[in-house]
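See structure below.
Throughout, read-outs are computed from the coordinates displayed, never taken from laboratory work. Just so it is clear, the model here is predicted, and its values are computed rather than measured. Quick reminder, even Gly has a Cβ in these numbers, built from the backbone with ideal geometry, and neighbours come from all protein chains shown.
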Amino acid sequence: MTKNSRWVNVGFQIAALVLALLFTSLILLAAGAPPLEAYKNIVTGAFGSFKKFSDVLVSWVPLLLVSAGLLVTFATGLWNIGVEGQITLGAIATTWALRELQDTGLSPSLILFLAILAGMAGGAVWALLAGALKTFGGVNEIFGGLGLNFVATALTIYLIFGPWKRPGVASMSGTEPFDEALHLSLFPELRLSPWALVIAILAIVFVYFLLQGTYFGLRLKAVGKNFRAAYLLGVPTWQYMMLSFLICGALAGIAGAMQVTAVYYRLIPSISSGYGYLGLMVAMLVNYQAIWAAPVALFFAALNIGSIQLPIVLKLDSSLSGVLQGMLVLFVLIVEGVRQRIARRS
Amino acid sequence: MISDLFSVTVLVGILASGIRLATPYLYAAIGETFSQRSGVLNLGVEGQMLLGAFAAFYVTLTTGNLWLGLMTAMLVGALMGLAMAYVTVNLQAQQGISGIGFYLFGLGMSDLLFQKLMGTVETVKGFPKIHIPGLSDIPGIGEIFFSQNILVYGAYLLVPIAWFVLNKTTLGLKIRSVGENPDAADSLGVNVGRIRYFTIILGGILSGVAGASLSIALLNVFQQNMTSGQGFIAVALVYFGAWRPTGVLGGALLFSLINALQLWVQVLNIPVPSEIAVMMPYVLTILVLVTSVSKVRAPSALSKPFEREN
């Protein structure tokens, strides 16, 4: 791709963003809310103070981890809708490891390290299941993934209400919170963990180099672009697909581990918080180019956090961010379609 | 007590609620069957249901007219379908992603409108039960099958209609051929785009009705995210039902009966461990997944955009 056409691409993406904002403004006007006021509130809610911005980063960490993983499966031509379940299994495995190890007398940092590794393994196993269903059972990964998402939710609820229930009465509020020694350390006065931030950034850098700079990444992309041709050229296709699932699941599992060790300090029923679906949006919006994932994920995280205070100020629910995110995706698709039409004509 | 569960009254109650609860799944999953048979995977069902549920509820609340509410839900579903069809057919967008975009949009939009236009949870008087004369007097059977509201009857009527249209009409043949081999269908003069527009919009309308059946016929309230994953389950039911209306019916009934059982277990205060009761519907979804593994082949062109060769 030439430098020129890349900037044309960026121009198209910006056009999509503007269109999404315009359209959402129309909806807001129709609903009787002032759009500019709403957007101003989102911006100040996300960037108004250092503390608020750090909250955006708290939400950025899992989203970036999940998006990084999904870039790998997308490159291989796989629709890993099961990523929600992979986050959940990561969280479950982390909680399990923390529960098993908390009374062993090992040093807390070692326990945390092992727990995060367990989270990676949990997510990876769940992704491999979706991969195995596809490779050996012929189950499309979208259906398999949807099903496995339900299984993951079921398992979470079973654990919270069953074996891991709080002393006394089990409730939807989750398992018993872990001892403070087993929390990832935070920046003073903030909810943000430097460890989580570093891990998320390392993950996206890793995926960037994997896809852009390695022979392995090239072969992954070959499988995604033309499965049959890759097979005929001697790429072990199903092994590469499984590896791709494995990498994505491991990264989603770390996202789950971060939610347990740095945000909630326990297992809650909706631990994946929809980050899987949002991650799918991010990976699609950046056109599968890792370099853009960080800013786009930041934008989505800012929308999430910025709209939290909308209900108080404008009597609008934070649902506005959902409308904007949905609109954004649809307009990017529309603009992309228009761009390809123009390209075909010329 | 456990023994309560086996009394005739309770069994009739469970069966009657099971039949009723299957309604939204039937509408949504039959609609999805049409679009998938024509090669389009619509993952936005959940969003269409939510907007349909809100539209039906709000119009009914303000005008007091249930039919107007239902028609608004159908219109909203049709518009969502139209947008989906444009993105899918004309722009050849990736269907998995555009569907999730529509889901996020419907989820946020229905909630936004709810906050702005209503603010608090209210209730309406939904479609009344219609007792079919004569038949509804049969003990047991009457209450289970012939004392339901009109949308429930409609859902079950839809199954044979969908079966007939898909298997016995030219339109059905065109839909199936477009889903199996769009190139061949195209060369025989079938307008692939137009057929897919038809099935996606039909799916949207039926998803709208599915939402309306929740908000103005079964639960008679609107709440944030009230479909709670039922649209996604409907997509899974299409898979379970092997892309056949009769299979979808079986799946929807199985799922709803277990759900009804679970609800009655709670109503009767039967000392079943709570983790088991809460999990039952999910466990069933697992069974759906495991038992439906690859016995039937999906439509060949499912989720593949069609582009005409020059």
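Less than 5 angstrom separates the built amide H of residue B:130 from those of B:148, B:149, B:150, all sequence-distant by 5 or more or on a different chain. With K and R counted +1 and D and E -1, the other residues having a Cβ less than 12 Å from that of residue A:29 yield a net charge of 0.
The ranking of A:7, A:126, B:163 by Cβ neighbour count inside 10 Å, starting from the fewest, reads A:7, B:163, A:126.
How tilted is helix B:95-113 with respect to the longest principal axis of chain B? Cα atoms for both, answer in degrees (0 to 90, nearest 10). Tilt relative to chain B: about 50 degrees. Taking 32 Å as the limit for the C-alpha separation, the pairs A:40/B:304; A:51/A:225; A:225/B:174 exceed it in the case of A:40/B:304; A:51/A:225. Dipole magnitude for chain A: about 1220 debye, using +1 per Lys or Arg Cβ and -1 per Asp or Glu Cβ, origin at the Cα centre.
By the count of other C-beta atoms within 10 Å, a proxy for reagent exposure, B:109, B:71, A:120, A:172 are ordered fewest to most as A:172, B:71, A:120, B:109.
Normalised by residue number, the volume inside the convex hull of the Cα atoms of chain B is 138 Å³ per residue. Applying 1/(1 + (r/R0)^6) with R0 = 56 Å to the Cβ-Cβ distance of residue A:228 and residue A:14 gives a FRET efficiency near 0.95.
Using C-alpha pairs below 8 Å separated by at least 6 residues, the relative contact order for segment B:2-291 is 37 percent.
In the calculated pair-distance distribution of chain A, the portion above 37 angstrom amounts to 21 percent of the Cα-Cα pairs. Helices in chain A, meaning DSSP H runs of at least 4 residues, each add -39500 (n - 2.57). Divided by all residues, the mean residue ellipticity at 222 nm is -25000 deg cm²/dmol. Take each peptide in B:195-208, B:236-249, A:11-24, count the other Cβ atoms within 10 Å of every residue, and average; sorted highest first, the result is B:195-208, B:236-249, A:11-24. Dividing the summed helix terms, -39500 (n - 2.57) for each DSSP H run of n ≥ 4, by the number of residues in chain B produces a 222 nm estimate of -22000 deg cm²/dmol to the nearest 500.
Cβ crowding within 10 Å, taken as a proxy for footprinting-reagent exposure, orders A:296, B:159, B:76, B:45 from fewest neighbours to most as B:159, A:296, B:76, B:45. In terms of its C-alpha gyration tensor, the protein assembly as shown has a rounded overall shape, because the principal axis ratio a/c (a ≥ b ≥ c, square roots of the eigenvalues) stays below 1.5. Inter-chain Cβ neighbour count for A:78-84, averaged per residue, equals 2 (cutoff 10 Å, partner chain atoms only). Partner shielding of B:83-94 amounts to 4, given as the average count of beta-carbon atoms from other chains within 10 Å of each residue beta-carbon. Averaged over the residues of peptide A:146-156, the number of Cβ atoms from other protein chains lying within 10 Å of each residue's Cβ is 6. Seen against the Cα atoms of chain B and their longest principal axis, helix B:45-63 is set at about 60 degrees.
At each listed q (0.12, 0.17 Å⁻¹), what is the log10 of I(q)/I(0) that the Debye formula gives for segment B:84-217 modelled as equal alpha-carbon point scatterers? Log10 of I(q)/I(0), two decimals: -0.74, -1.05. What shape does segment A:217-346 take by its C-alpha gyration tensor, where a ≥ b ≥ c are the square roots of the eigenvalues and a/c under 1.5 counts as rounded, a/b above b/c as prolate, and the rest as oblate? Verdict is oblate for segment A:217-346. Each Lys and Arg contributes +1 and each Asp and Glu -1, all at the Cβ; summed about the Cα centre of segment A:47-176, the dipole is approximately 160 debye. Helix B:230-240: angle to the longest alpha-carbon principal axis of chain B, degrees 0 to 90, nearest 10? Approximately 70 degrees, to the nearest 10. Scoring A:44-56, B:220-232 by mean Cβ neighbours within 10 Å over their residues and listing the highest first yields B:220-232, A:44-56. A cut-off under 15 angstrom between Cβ atoms defines the neighbours of residue A:80, and their net charge, with Lys, Arg +1 and Asp, Glu -1, is -1.
Here chain B is treated with +1 on each Lys and Arg Cβ and -1 on each Asp and Glu Cβ, and its dipole about the Cα centre works out to around 560 debye.
Alpha-carbon geometry of segment B:1-85: the Rg and the Dmax are 17.4, 52 Å, given in that order. Taking every full run of DSSP H in chain A, the ones that stretch at least 30 Å from end to end by Cα along their long axis and average 1.0 or higher on the Kyte-Doolittle scale are A:3-30, A:50-75, A:108-137, A:237-258.
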